[in-house]
Structures are given as C-alpha cells and as structure tokens.
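Presented below is the structure to which this report refers.
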Amino acid sequence: VEYNRFCDEILKSYIRALKTINERSSGNYDNEYDVELRNKPHYCTLQELIELYERDKGAKWKSADRIKSTHRQILHILGNPSVNDIDRKSALFLSESLKEYPMKISQNDMAKPWKELALKNKKRLSERTQHYIKTAFSTLIKYAKEQDLGVRGNPAQGTAGEKPVNSEAHTPYTTNELQQLIYVLSTVNKFNTPELFWIPLLLLFTGARSNEICMLRCCDIVQMEEIWVINFKNSPEYHQGTKNGKNRTIPLHQKLIELGFLEYISSQKSYGNDRVFSKLRLDRGKWNVGFGKSYNRTFKRKFLKN
C-alpha cells in the first residue's frame, strides 16, 4: 500500500512538472506552480543573517575582529542553513562540536572541514571561549527573531549556560609574589623595555585596569595646580575606553615620580610619540592584548611561579 502511494505521488509530481513546462513554453508564468513559488516565504541563510547583523551592529563593537571571527567559527561548524531550519538540534550540535573544535584555525584553513583540522591540531578551545561563541550564536538567533527572519521558537535558549569561572585569573597575588614582582622589576632595564617596567608599577599604584594603563596618551598625564595626575578618558576616537564610559582622574603616586615616570613621559614627547607606550599595538579594539600575553605567558610564569 505504501509503495503504491509513493508511486502515485511520483506520478502526480511528474504530471505537474510536464504541465508547468508546457505552460512556460507558451509564455504563461502565472501557472499554479510559479504563483506558488513566488508566494513562498523566502528565509535568509545563516551567512546572510550574519552579514545583516554585522552591518547593523558592527559600528558599536569594540572587539569587532573577535566577533566576526566567532561568526566564521559558527558558520564553519553549522554550514550555511536557512535560518528557518535552525532548530534546537542545531544549537545542541554547535555546543557539542565546540568541545572538539580546534584552537587557532587560519582563515585559509576555514575552507577545510573542521573535523579534519581537529585531527591535526590537538589543542581545543577553552571553556570560556566556547561560552563566548555559544553566547554569540544566541545573540544572532535573538536578532533574527527581533527582525522576524523566520526563526522558529527559541532554539538557542539555555545552551550557553553559565560563564565558566577562571579561578586562576582572579586569584590575588600573595605578599611573597608582590615582593618578588618588585624585586624583578628592579632588574628590568626601563629604557630598553619601558612597557615591562612601568605598566606593572602603574597597575600596582593606581588600581586601574591593564587596558586603561596601556591606552594612555602622554597628554593624559598633567599637572593640576601642584599635583600631577593621570586622566583616564573615554575617547573612542583614540580607542580609549573606561568602565561605564566615565572619565576619572587620580593623583600620580610620589613613588612613580621618584622612579622617573615624568622624565619618561617627557622623553616620549621629545620623540614625537603621542602614546605613553608607543610600542603597543591595537588588537581587537584593545591596547593591552600584546602586553597581557607577554606578561602572563613569560614574565609571570618565569618570575612569580617558581
């Protein structure tokens, strides 16, 4: 019975196709099939959704390169399905695939299947990175729903989970580690490697975030009456950002003055450098990325964890 029904459906489709071909050959494109095709809803693909989202929101991103890279990773795993075909199964597949997705894939390698690359690269994404990608996917789906682009239900709900806690990153220095840090800094050549010498000291004496220190311009260190201060500014035109987007001013510690920080600022100005730490480069919208990698992977491990 099922086989006969299957054959009937094939025959009906064949007859309908022949009828459509004949009507089109006579110039009739208002036949039943073409009218149905024109009235059929068109849903954008995942790639089109991403392009639309990036055009709409990209101007406000501080880390645009990272977000776009994350979108490429999502496409690499899921392919380019129609948005209305993305369901709960798709979201769970992405979540599970991220556990095996290889770390650091070049743009050229994106053309290769990620599972093939995973066989060669045994390093995997951290839990924090996985969470970041799943959150970005949830944001895309939410945007698609807001724009009425054909998403059914809420397939990504709850798949990102709680943000993993990086306990090591939040562990405060012990007294011994601080003493060791100060000792090692006393051996650093502040003329050859000023970033390595001054940035840890500025962090120590100001309590500022590392990007706030790394983003400083020479004009941000000024004298107000008889007190030297550091102005932390929220200036998007210079890629400077502060917490809550608010400017704040703090006094420059006397110890930093005694160590020669003002002389260092004067030398930077004399060389025509606008920024305090002119060797640092903007990376993903932040100035502290290069310094952070060098400090955490080399300096901190070598001198503070012996």
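Normalised by the residues of the stretch 170-243, what does the relative contact order come to in percent, with Cα pairs under 8 Å and at least six apart?
Dividing the mean separation by the residue count of the stretch 170-243 yields 16 percent.
Compute the accessible area per residue over the chain, keeping the other protein chains in place, probe 1.4 Å, unit Å².
65
Calculate for the chain the 222 nm mean residue ellipticity that helices alone would give, adding -39,500 (n - 2.57) per DSSP H run of length 4 or more and normalising by residue count, nearest 500 deg cm²/dmol.
-15000 deg cm²/dmol
Compute the acute angle (0 to 90°) between the alpha-carbon long axis of helix 46-57 and the principal axis of greatest extent of the alpha-carbon atoms of the chain; round to the nearest 10°.
Relative to the chain, helix 46-57 is tipped by roughly 40 degrees.
Enter the per residue convex hull volume of the stretch 214-270, computed from alpha-carbon coordinates, in Å³ rounded to the nearest integer.
Details: hull volume 5.4 nm³, N = 57.
Taking only Cα atoms, the stretch 214-270 has a hull volume of 95 Å³ per residue.
What angle, in degrees between 0 and 90 and rounded to the nearest 10, separates the Cα long axis of helix 88-98 from the longest principal axis of the Cα atoms of the chain?
For 88-98 against the chain, the angle is about 40 degrees.
Where does the Debye-calculated log10 I(q)/I(0) of the chain sit at q = 0.10, 0.14 Å⁻¹, using only Cα point scatterers of equal weight, no solvent?
Relative scattering, expressed as log10 I(q)/I(0), comes to -0.78, -1.19.
Report, to one decimal in Å, the Kirkwood hydrodynamic radius for the stretch 1-129 based on all distinct Cα pairs.
18.9 Å is the Kirkwood radius here.
Taking amide H positions as placed in the peptide plane 1.01 Å from N, state which residues far from ASN234 in sequence (5 or more) or on other chains have amide H under 5 Å from it.
It is ASN247, by chain and number.
Ordering GLU212, GLU2 by how much accessible area each has at a 1.4 Å probe, largest first, what is the list?
Largest accessible area first, the residues go GLU2, GLU212.
Let me cross-check THR175: its accessible surface, 1.4 Å probe, with only protein heavy atoms counted, in Å² to the nearest 10?
100
How far apart, in nm, are the 7 Å Cα→Cβ label points at THR187 and ARG281?
It works out to 3.0 nm between the two label points.
Would you mind checking LYS57/LYS293; LYS142/LYS246; LYS60/LYS246; LYS99/LYS142 for any pair whose Cα atoms are more than 27 angstrom apart?
Too far apart for the 27 Å limit: LYS57/LYS293; LYS142/LYS246.
Picking from VAL151, VAL222, VAL276, which is most flexible by a Gaussian network model of the chain using Cα springs under 10 Å?
VAL222
How big is the C-alpha Rg of the stretch 98-157 next to the rule-of-thumb value 2.2 N^0.38 Å, as a ratio?
Its radius of gyration relative to the 2.2 N^0.38 Å reference: 1.38.
The values are calculated or read from the model by the stated rules, or taken from the named source; none is laboratory data. The shown structure was predicted, so the numbers you read here are calculated from the model rather than taken from an experiment. Glycine also receives a Cβ, built like all others from the backbone with ideal geometry; neighbour counts cover every protein chain displayed. Only protein heavy atoms, including side chains, enter the accessible area calculation; ligands, DNA and RNA are left aside. Shrake-Rupley method; radii C 1.70, N 1.55, O 1.52, S 1.80 Å.
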